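Input: a single structure, listed below in C-alpha coordinates.
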Amino acid sequence: MKKWQKTLVNQNHTLLETMKIIDDSSLQFAVVVDEEQHLLGTVTDGDIRRGILRGEGLDVKITSIMNPNPITAKSGQRYHKYKQLMKSKMLKQLPIVDEDNRIINILFADNIETTLNKNTVVLMLGGLGTRLRPLTNDTPKPMLRVGNKPILETIIEGFKQYGYTNFIFSVNYKKEVIQDYFQNGEAFDVTIEYIEEDKKMGTAGALSLLKKRPTKPFFVMNGDLLTQINFDQLMQFHMNHNSIATMCVREYEYQIPYGVIEIDGTDLVTIREKPIHRSFVNAGIYVLNPEVFNYIPHNEYYDMPTLFEQLIDKNKKTSVFPIHEYWLDIGRMDDFNKANDNYCKKK
(Lines give C-alpha, C1' and ligand atoms only; values in the text may rest on other atoms or scores of the structure.)
Protein backbone atom coordinates (compact mmCIF):
# COMPACT_ATOMS: atom_id res chain seq x y z
CA MET A 1 0.00 0.00 0.00
CA LYS A 2 1.31 3.43 -0.93
CA LYS A 3 1.75 5.98 1.82
CA TRP A 4 -1.08 8.23 0.67
CA GLN A 5 -3.56 5.31 0.54
CA LYS A 6 -3.28 5.02 4.31
CA THR A 7 -5.04 8.37 4.58
CA LEU A 8 -8.27 7.22 2.90
CA VAL A 9 -11.34 7.23 5.10
CA ASN A 10 -14.76 5.87 4.21
CA GLN A 11 -17.66 8.30 4.42
CA ASN A 12 -19.29 6.15 7.14
CA HIS A 13 -16.30 6.34 9.49
CA THR A 14 -16.74 8.16 12.75
CA LEU A 15 -14.64 11.00 14.05
CA LEU A 16 -12.94 8.64 16.50
CA GLU A 17 -12.08 6.12 13.77
CA THR A 18 -10.72 8.90 11.57
CA MET A 19 -8.58 10.26 14.40
CA LYS A 20 -7.01 6.81 14.78
CA ILE A 21 -6.29 6.58 11.05
CA ILE A 22 -4.69 10.03 11.06
CA ASP A 23 -2.55 9.11 14.06
CA ASP A 24 -1.50 5.77 12.54
CA SER A 25 -0.51 7.36 9.23
CA SER A 26 1.47 10.14 10.99
CA LEU A 27 0.50 12.43 8.09
CA GLN A 28 -1.99 14.60 10.02
CA PHE A 29 -4.39 14.34 7.11
CA ALA A 30 -7.22 12.15 5.80
CA VAL A 31 -9.25 12.00 2.60
CA VAL A 32 -12.92 11.03 2.78
CA VAL A 33 -14.09 8.87 -0.13
CA ASP A 34 -17.13 6.81 -1.09
CA GLU A 35 -17.07 3.14 -2.07
CA GLU A 36 -15.84 3.99 -5.59
CA GLN A 37 -12.99 6.21 -4.35
CA HIS A 38 -14.70 9.47 -5.31
CA LEU A 39 -13.29 12.30 -3.22
CA LEU A 40 -15.91 13.75 -0.86
CA GLY A 41 -13.73 15.91 1.36
CA THR A 42 -10.57 16.18 3.44
CA VAL A 43 -9.85 16.18 7.13
CA THR A 44 -6.93 17.85 8.86
CA ASP A 45 -5.94 17.96 12.47
CA GLY A 46 -7.33 21.50 12.52
CA ASP A 47 -10.73 20.31 11.23
CA ILE A 48 -10.90 17.77 14.05
CA ARG A 49 -10.02 20.32 16.70
CA ARG A 50 -12.61 22.78 15.39
CA GLY A 51 -15.24 20.03 15.41
CA ILE A 52 -14.49 19.12 18.98
CA LEU A 53 -14.67 22.78 19.99
CA ARG A 54 -18.12 22.95 18.37
CA GLY A 55 -19.19 20.15 20.67
CA GLU A 56 -19.22 17.32 18.10
CA GLY A 57 -19.10 13.87 19.70
CA LEU A 58 -16.49 11.24 18.85
CA ASP A 59 -19.20 9.02 17.33
CA VAL A 60 -20.33 11.60 14.77
CA LYS A 61 -19.81 10.74 11.09
CA ILE A 62 -16.68 12.24 9.65
CA THR A 63 -18.71 13.85 6.84
CA SER A 64 -19.92 16.44 9.38
CA ILE A 65 -16.33 17.37 10.23
CA MET A 66 -14.61 17.24 6.84
CA ASN A 67 -13.93 20.11 4.47
CA PRO A 68 -16.28 19.32 1.56
CA ASN A 69 -14.56 21.71 -0.88
CA PRO A 70 -10.82 21.07 -0.68
CA ILE A 71 -8.40 22.37 -3.27
CA THR A 72 -7.52 19.56 -5.69
CA ALA A 73 -5.68 19.17 -8.98
CA LYS A 74 -6.34 17.04 -12.04
CA SER A 75 -3.97 14.24 -12.94
CA GLY A 76 -1.62 14.49 -15.90
CA GLN A 77 -0.20 17.94 -15.14
CA ARG A 78 3.48 18.72 -14.79
CA TYR A 79 4.98 18.50 -11.33
CA HIS A 80 6.09 22.11 -11.28
CA LYS A 81 2.43 23.11 -11.73
CA TYR A 82 1.49 21.12 -8.64
CA LYS A 83 4.35 22.66 -6.72
CA GLN A 84 3.37 26.17 -7.80
CA LEU A 85 -0.24 25.57 -6.72
CA MET A 86 0.81 24.22 -3.33
CA LYS A 87 3.17 27.12 -2.79
CA SER A 88 0.68 29.81 -3.83
CA LYS A 89 -2.10 28.35 -1.68
CA MET A 90 0.29 27.39 1.14
CA LEU A 91 -0.96 23.80 0.99
CA LYS A 92 0.64 20.99 2.96
CA GLN A 93 -1.29 18.37 0.97
CA LEU A 94 -2.75 18.30 -2.53
CA PRO A 95 -5.17 15.53 -3.60
CA ILE A 96 -4.80 14.52 -7.26
CA VAL A 97 -8.03 13.34 -8.92
CA ASP A 98 -9.01 11.98 -12.30
CA GLU A 99 -11.75 13.28 -14.59
CA ASP A 100 -14.39 11.47 -12.50
CA ASN A 101 -13.07 13.03 -9.26
CA ARG A 102 -11.60 9.72 -8.09
CA ILE A 103 -8.57 10.11 -5.87
CA ILE A 104 -5.43 8.71 -7.51
CA ASN A 105 -2.63 10.34 -5.53
CA ILE A 106 -1.84 12.81 -2.77
CA LEU A 107 1.17 15.08 -2.89
CA PHE A 108 2.70 16.28 0.37
CA ALA A 109 4.69 19.50 0.50
CA ASP A 110 7.50 18.02 2.57
CA ASN A 111 8.24 15.18 0.18
CA ILE A 112 6.98 16.14 -3.27
CA GLU A 113 10.53 16.00 -4.61
CA THR A 114 10.95 12.44 -3.35
CA THR A 115 8.05 11.28 -5.52
CA LEU A 116 10.43 11.56 -8.45
CA ASN A 117 12.64 8.59 -9.26
CA LYS A 118 16.31 9.47 -9.62
CA ASN A 119 17.21 6.76 -12.14
CA THR A 120 18.54 8.19 -15.38
CA VAL A 121 16.90 7.56 -18.76
CA VAL A 122 19.24 7.52 -21.77
CA LEU A 123 17.42 7.84 -25.11
CA MET A 124 19.20 6.93 -28.34
CA LEU A 125 18.13 9.50 -30.96
CA GLY A 126 20.93 9.57 -33.51
CA GLY A 127 19.51 7.36 -36.26
CA LEU A 128 19.09 8.61 -39.85
CA GLY A 129 15.56 7.24 -40.30
CA THR A 130 16.41 6.23 -43.88
CA ARG A 131 13.39 3.95 -44.29
CA LEU A 132 11.03 6.81 -43.43
CA ARG A 133 12.22 9.20 -46.10
CA PRO A 134 11.06 11.69 -47.32
CA LEU A 135 9.49 12.33 -43.87
CA THR A 136 12.94 12.36 -42.28
CA ASN A 137 14.67 14.56 -44.86
CA ASP A 138 14.36 17.56 -42.56
CA THR A 139 13.08 15.96 -39.35
CA PRO A 140 14.83 13.33 -37.21
CA LYS A 141 12.72 10.24 -36.71
CA PRO A 142 12.01 10.79 -32.97
CA MET A 143 10.47 14.19 -33.86
CA LEU A 144 7.92 12.79 -36.31
CA ARG A 145 4.44 13.43 -35.00
CA VAL A 146 2.13 10.64 -33.96
CA GLY A 147 -1.19 12.21 -33.15
CA ASN A 148 -0.53 15.78 -32.07
CA LYS A 149 3.00 15.51 -30.69
CA PRO A 150 6.47 14.15 -31.53
CA ILE A 151 7.21 10.51 -30.77
CA LEU A 152 9.96 11.65 -28.39
CA GLU A 153 7.54 13.76 -26.33
CA THR A 154 5.26 10.75 -25.91
CA ILE A 155 8.24 8.69 -24.73
CA ILE A 156 9.11 11.34 -22.14
CA GLU A 157 5.53 11.39 -20.88
CA GLY A 158 5.61 7.60 -20.57
CA PHE A 159 8.58 7.79 -18.20
CA LYS A 160 7.24 10.84 -16.37
CA GLN A 161 4.07 9.10 -15.29
CA TYR A 162 6.27 6.77 -13.22
CA GLY A 163 8.36 9.64 -11.84
CA TYR A 164 11.43 9.30 -14.08
CA THR A 165 12.44 12.83 -15.08
CA ASN A 166 16.24 12.75 -15.55
CA PHE A 167 17.02 12.32 -19.26
CA ILE A 168 20.12 12.14 -21.40
CA PHE A 169 19.61 12.44 -25.17
CA SER A 170 22.21 10.92 -27.47
CA VAL A 171 21.83 12.91 -30.70
CA ASN A 172 23.41 13.11 -34.12
CA TYR A 173 21.25 13.48 -37.26
CA LYS A 174 19.32 16.79 -37.28
CA LYS A 175 20.23 17.20 -33.60
CA GLU A 176 19.37 20.91 -33.62
CA VAL A 177 15.68 20.07 -34.24
CA ILE A 178 15.58 18.01 -31.05
CA GLN A 179 17.66 20.48 -29.02
CA ASP A 180 15.62 23.51 -30.12
CA TYR A 181 12.35 21.81 -29.22
CA PHE A 182 13.25 20.32 -25.84
CA GLN A 183 16.22 22.50 -24.77
CA ASN A 184 17.05 21.68 -21.12
CA GLY A 185 13.63 20.10 -20.50
CA GLU A 186 12.33 22.75 -18.13
CA ALA A 187 9.23 23.39 -20.25
CA PHE A 188 8.39 19.68 -19.98
CA ASP A 189 9.14 19.51 -16.24
CA VAL A 190 12.14 17.24 -16.76
CA THR A 191 15.91 17.71 -16.95
CA ILE A 192 17.67 16.96 -20.22
CA GLU A 193 21.37 16.72 -20.97
CA TYR A 194 22.84 15.94 -24.38
CA ILE A 195 25.68 13.86 -25.71
CA GLU A 196 26.55 14.37 -29.36
CA GLU A 197 27.73 11.54 -31.59
CA ASP A 198 30.06 12.73 -34.34
CA LYS A 199 30.02 9.26 -35.87
CA LYS A 200 27.87 6.15 -35.73
CA MET A 201 28.32 4.72 -32.23
CA GLY A 202 25.67 2.03 -31.75
CA THR A 203 23.23 1.77 -28.84
CA ALA A 204 25.94 0.76 -26.35
CA GLY A 205 28.92 2.65 -27.77
CA ALA A 206 27.20 6.02 -27.28
CA LEU A 207 27.14 5.36 -23.54
CA SER A 208 30.93 5.76 -23.45
CA LEU A 209 30.41 9.45 -24.27
CA LEU A 210 28.50 10.20 -21.07
CA LYS A 211 30.18 13.05 -19.20
CA LYS A 212 28.87 11.80 -15.86
CA ARG A 213 28.06 8.14 -15.45
CA PRO A 214 24.92 7.11 -13.54
CA THR A 215 25.49 5.71 -10.08
CA LYS A 216 22.21 3.77 -10.04
CA PRO A 217 20.63 1.34 -12.51
CA PHE A 218 19.55 3.32 -15.58
CA PHE A 219 17.31 2.90 -18.61
CA VAL A 220 18.45 2.87 -22.21
CA MET A 221 15.79 3.05 -24.90
CA ASN A 222 15.64 3.59 -28.63
CA GLY A 223 13.98 6.87 -29.54
CA ASP A 224 11.59 5.46 -32.15
CA LEU A 225 9.46 3.26 -29.89
CA LEU A 226 5.94 3.73 -28.64
CA THR A 227 5.00 1.57 -25.69
CA GLN A 228 2.78 1.48 -22.63
CA ILE A 229 5.22 -0.54 -20.57
CA ASN A 230 5.22 0.02 -16.79
CA PHE A 231 8.74 1.34 -16.24
CA ASP A 232 8.45 0.95 -12.47
CA GLN A 233 7.76 -2.77 -12.90
CA LEU A 234 10.70 -3.06 -15.27
CA MET A 235 13.10 -1.38 -12.84
CA GLN A 236 11.81 -3.47 -9.92
CA PHE A 237 12.17 -6.66 -12.00
CA HIS A 238 15.77 -5.78 -12.82
CA MET A 239 16.66 -5.12 -9.20
CA ASN A 240 14.83 -8.17 -7.85
CA HIS A 241 16.79 -10.43 -10.20
CA ASN A 242 20.16 -8.90 -9.23
CA SER A 243 21.07 -8.58 -12.89
CA ILE A 244 23.83 -6.47 -14.34
CA ALA A 245 21.68 -5.95 -17.44
CA THR A 246 18.05 -6.58 -18.40
CA MET A 247 16.73 -6.64 -21.95
CA CYS A 248 13.07 -6.17 -22.77
CA VAL A 249 11.87 -8.75 -25.27
CA ARG A 250 8.78 -9.09 -27.40
CA GLU A 251 7.26 -12.28 -28.75
CA TYR A 252 7.38 -12.35 -32.55
CA GLU A 253 5.68 -14.93 -34.71
CA TYR A 254 6.00 -15.63 -38.39
CA GLN A 255 4.48 -18.21 -40.69
CA ILE A 256 6.44 -20.17 -43.25
CA PRO A 257 4.31 -19.99 -46.41
CA TYR A 258 5.16 -23.54 -47.50
CA GLY A 259 4.82 -27.05 -46.24
CA VAL A 260 7.91 -27.82 -44.13
CA ILE A 261 9.42 -31.23 -44.73
CA GLU A 262 11.28 -33.16 -42.04
CA ILE A 263 13.53 -35.92 -43.33
CA ASP A 264 15.78 -38.64 -42.03
CA GLY A 265 18.38 -39.31 -44.67
CA THR A 266 16.31 -39.84 -47.79
CA ASP A 267 13.19 -40.79 -45.85
CA LEU A 268 10.35 -38.31 -45.53
CA VAL A 269 9.28 -38.26 -41.88
CA THR A 270 6.59 -35.56 -41.57
CA ILE A 271 5.04 -32.68 -43.46
CA ARG A 272 3.98 -29.60 -41.50
CA GLU A 273 1.85 -27.30 -43.58
CA LYS A 274 2.72 -23.60 -43.19
CA PRO A 275 3.86 -23.83 -39.57
CA ILE A 276 3.97 -20.79 -37.29
CA HIS A 277 7.24 -20.10 -35.49
CA ARG A 278 7.43 -18.01 -32.33
CA SER A 279 10.54 -16.36 -30.96
CA PHE A 280 11.46 -13.58 -28.58
CA VAL A 281 13.06 -10.53 -30.19
CA ASN A 282 14.92 -7.55 -28.77
CA ALA A 283 12.45 -4.73 -27.95
CA GLY A 284 15.05 -1.94 -27.74
CA ILE A 285 14.53 -1.13 -24.03
CA TYR A 286 17.14 -1.97 -21.39
CA VAL A 287 18.03 -1.48 -17.74
CA LEU A 288 21.75 -1.50 -17.00
CA ASN A 289 23.86 -1.32 -13.87
CA PRO A 290 26.74 1.21 -13.82
CA GLU A 291 29.12 -1.75 -13.85
CA VAL A 292 28.47 -2.25 -17.58
CA PHE A 293 30.72 0.73 -18.37
CA ASN A 294 33.67 -1.57 -17.63
CA TYR A 295 32.79 -3.56 -20.74
CA ILE A 296 32.06 -0.75 -23.22
CA PRO A 297 34.98 0.49 -25.36
CA HIS A 298 35.42 4.26 -25.46
CA ASN A 299 34.33 6.19 -28.53
CA GLU A 300 33.90 3.09 -30.69
CA TYR A 301 30.90 1.57 -32.41
CA TYR A 302 29.38 -0.98 -30.08
CA ASP A 303 25.82 -2.23 -30.17
CA MET A 304 23.71 -3.48 -27.30
CA PRO A 305 23.44 -7.15 -28.37
CA THR A 306 27.26 -7.31 -28.45
CA LEU A 307 27.39 -5.90 -24.91
CA PHE A 308 24.95 -8.56 -23.69
CA GLU A 309 26.95 -11.29 -25.44
CA GLN A 310 30.10 -10.11 -23.69
CA LEU A 311 28.36 -10.02 -20.31
CA ILE A 312 27.12 -13.57 -20.86
CA ASP A 313 30.62 -14.70 -21.83
CA LYS A 314 31.91 -13.16 -18.58
CA ASN A 315 29.26 -15.12 -16.63
CA LYS A 316 27.52 -11.93 -15.56
CA LYS A 317 23.83 -12.30 -14.73
CA THR A 318 21.58 -10.93 -17.45
CA SER A 319 17.80 -11.13 -17.62
CA VAL A 320 14.94 -10.71 -20.06
CA PHE A 321 11.73 -8.82 -19.31
CA PRO A 322 8.88 -9.94 -21.61
CA ILE A 323 6.64 -7.11 -22.80
CA HIS A 324 2.95 -7.88 -23.18
CA GLU A 325 1.87 -4.24 -23.24
CA TYR A 326 1.44 -2.12 -26.36
CA TRP A 327 4.75 -1.78 -28.22
CA LEU A 328 5.53 -0.51 -31.69
CA ASP A 329 8.86 0.12 -33.39
CA ILE A 330 8.35 2.99 -35.84
CA GLY A 331 11.02 2.05 -38.32
CA ARG A 332 9.10 1.87 -41.56
CA MET A 333 6.36 3.87 -43.24
CA ASP A 334 3.79 1.14 -42.53
CA ASP A 335 4.69 1.29 -38.82
CA PHE A 336 4.39 5.08 -38.78
CA ASN A 337 0.95 4.93 -40.40
CA LYS A 338 -0.08 2.17 -37.99
CA ALA A 339 0.98 4.31 -35.01
CA ASN A 340 -1.20 7.17 -36.19
CA ASP A 341 -4.11 4.83 -36.81
CA ASN A 342 -3.71 3.48 -33.28
CA TYR A 343 -3.67 7.00 -31.90
CA CYS A 344 -6.89 7.89 -33.73
CA LYS A 345 -8.61 4.75 -32.47
CA LYS A 346 -7.46 5.46 -28.91
CA LYS A 347 -8.92 8.96 -29.20
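Simple spin-label model, 7 Å along Cα-to-Cβ: Val177 to Ile52 in nm?
Spacing of the two 7 Å Cα→Cβ label points: 6.4 nm.
Going down the list Lys118/Lys338; Lys3/Lys89; Lys118/Lys174; Lys160/Lys200, which pairs span over 26 Å between their C-alpha atoms?
With Cα atoms farther than 26 Å apart: Lys118/Lys338; Lys118/Lys174; Lys160/Lys200.
At 1.4 Å probe radius, can you tell me the per residue accessible area of the chain in Å²?
It amounts to 55 Å² per residue over the chain.
Using helices alone, what [θ] at 222 nm do you get for the chain, with -39,500 (n - 2.57) per DSSP H run of 4 or more residues, divided over all residues and rounded to the nearest 500?
So the calculated ellipticity at 222 nm is -7000 deg cm²/dmol.
Taking all pairs of distinct Cα atoms, average 1/r, flip it, and tell me the Kirkwood hydrodynamic radius of the chain in Å to one decimal place.
It is 23.7 Å.
Can you compute the radius of gyration and Dmax for the range 1-122, using only the Cα atoms, both in Å?
15.1, 59
Helix 79-88 versus the longest principal axis of the chain: what is the Cα-based angle in degrees, 0 to 90, to the nearest 10?
20 degrees
How high is the relative contact order of the range 232-347, in percent, counting Cα pairs under 8 Å that sit 6 or more residues apart?
Worked out over the range 232-347, it gives 32 percent.
Which FRET efficiency, nearest 0.05, do His277 and Ala109 yield, Cβ-Cβ r, R0 41 Å?
For His277 and Ala109, the calculated efficiency is 0.15.
In degrees between 0 and 90, to the nearest 10, how far off the longest principal axis of the chain does helix 151-160 point, with axes built from Cα atoms?
50 degrees
Over what distance in Å are the Cα centres of the range 10-32 and the range 216-252 separated?
Distance between centres, Cα-based: 38 Å.
If you filter the range 1-72 for GluC sites (Glu not before Pro), then keep DSSP loop positions with at most 12 other Cβ within 10 Å, what is left?
Glu35, Glu36
Rg and Dmax of the range 138-186 over Cα atoms: what are they, in angstrom?
Expressed in Å, the Cα Rg and Dmax of the range 138-186 come to 10.9, 32.
Take every Cα pair under 8 Å in the chain that's 6+ residues apart, average their separations, divide by the length, and report that relative contact order as a whole percent.
Relative contact order, the chain: 14 percent.
Given a Förster distance of 41 Å, report the FRET efficiency between Leu85 and Asn240 from their Cβ-Cβ distance, rounded to the nearest 0.05.
0.70
Can you tell me the 0 to 90 degree angle between the C-alpha axis of helix 15-25 and the longest principal axis of the chain, rounded to 10?
Result, in degrees: 40.
Assuming a ≥ b ≥ c are the square roots of the Cα gyration tensor eigenvalues, decide whether the range 134-223 counts as rounded (a/c under 1.5), prolate (otherwise, with a/b larger than b/c) or oblate.
Oblate is the answer for the range 134-223, as a/c is 1.5 or above yet b/c matches or exceeds a/b.
Out of the chymotrypsin sites (Phe, Trp or Tyr not before Pro) in the range 190-291, which ones are loop residues according to DSSP with at most 11 other C-beta atoms within 10 Å?
Those that pass, being in a loop and sparsely packed, are Tyr258.
What three numbers, in Å, describe the spread of the alpha carbons of the range 151-309 along their principal axes, ordered from the longest?
Sorted largest first, the three principal extents are 68, 37, 32 Å.
The values are calculated or read from the model by the stated rules, or taken from the named source; none is laboratory data. What you see is a predicted model, and the numbers here were worked out from it, not measured in a lab. Note that we place each Cβ from the backbone using ideal geometry, even for glycine, and neighbour counts take in every protein chain shown. Accessible surface areas use protein heavy atoms only, side chains included; no ligands, DNA or RNA. Shrake-Rupley method; radii C 1.70, N 1.55, O 1.52, S 1.80 Å.
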